[in-house]
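Worksheet: the structure to be examined is printed underneath.
The values are calculated or read from the model by the stated rules, or taken from the named source; none is laboratory data. It should be emphasised that the depicted structure is a prediction, and the values quoted were computed from it without experimental measurement. Glycine also receives a Cβ, built like all others from the backbone with ideal geometry; neighbour counts cover every protein chain displayed.
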Amino acid sequence: MFDTLQQRWRQFAAVPPGQRFEAHFDRRQQTRPRGLHQKILAGGGGILVMGAGLFFMLAPGPGILIFLIGALLVAEESLTVARLVDGADLRLRRLAAWVLARWRQRSGRTR
């Protein structure tokens, strides 16, 4: 089981950021096509997990992680959502780089 997860992670990480989720969606559709009712159940489950993530953002707990897991479940079933998550991935990477640069800049001045 861990070998399969490791192999899937390597396939996912090999694709450049901004294209990963769409590529994962394409791979998923080619290897395991699903019927409409299965897509609806998986997407609905993902939306419920996202709702739980929103709740846990207000309460102490790993709300962001839970929300992201729900978004990934939905992105497996919808090309539109996969493209949205790819775009959010790029924006979050830019934001993280900006915050890290500011952090380094400020900590360099105080020393």
Inset, instruction - Quickly run through segment 29-51 and pick out the residues that are surrounded by fewer than 16 Cβ atoms within 10 Å (Cβ to Cβ) and at pLDDT 90 or above. - result: Gly44, Gly45, Ile47, Leu48, Gly51
Inset, instruction - Assess whether Ile64 counts as being touching a Phe, Trp or Tyr at 6+ places or on another chain (Cβ under 9 Å) and at pLDDT below 90. - result: yes
Inset, instruction - Please verify whether segment 19-28 includes one or more residues that are of a type in the set (D, E, K, R), in contact with a Lys or Arg (Cβ under 7 Å, 6 or more places away or on another chain), surrounded by 13 or more Cβ atoms within 10 Å (Cβ to Cβ) and touching a residue at least 12 places away in the same chain (Cβ under 8 Å). - result: yes
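Yes/no per residue for (1) under 15 Å from the mean Cα position of the chain (by Cα); (2) not aliphatic (A, V, I, L, M):
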position	(1), (2)
Ile40	no, no
Gly53	yes, yes
Pro60	no, yes
Ile66	yes, no
Val74	yes, no
Thr80	yes, yes
Leu84	yes, no
Val99	no, no
Legend entry - Lone unmet requirement of (1) over 23 Å from Val15 (Cβ atoms); (2) touching a Ser or Thr at 6+ places or on another chain (Cβ under 7 Å); (3) not acidic (Asp, Glu) for Phe56: (2)
Inset, instruction - Check whether at least one residue in segment 72-85 is assigned to a helix (DSSP H, G or I) and exposed (fewer than 12 other Cβ atoms within 10 Å of the Cβ), and report yes or no. - result: yes
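Yes/no matrix, rows are residues, columns are (1) under 26 Å from Arg27 (Cβ atoms); (2) among the aromatic types (Phe, Trp, Tyr); (3) without any contact (Cβ under 8 Å) to a residue 40 or more places away in the chain:
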{"position": "Gly51", "(1), (2), (3)": "no, no, yes"}
{"position": "Leu54", "(1), (2), (3)": "no, no, yes"}
{"position": "Ala59", "(1), (2), (3)": "no, no, yes"}
{"position": "Gly63", "(1), (2), (3)": "no, no, yes"}
{"position": "Glu76", "(1), (2), (3)": "yes, no, no"}
{"position": "Ala82", "(1), (2), (3)": "yes, no, no"}
{"position": "Leu92", "(1), (2), (3)": "yes, no, yes"}
{"position": "Trp98", "(1), (2), (3)": "no, yes, yes"}
Inset, instruction - Inspect segment 93-109 for any residue being out of contact with any Ser or Thr (no Cβ under 6 Å at 6 or more places or on another chain), modelled with pLDDT of 90 or more and surrounded by 12 or more Cβ atoms within 10 Å (Cβ to Cβ) and give the result as yes or no. - result: yes
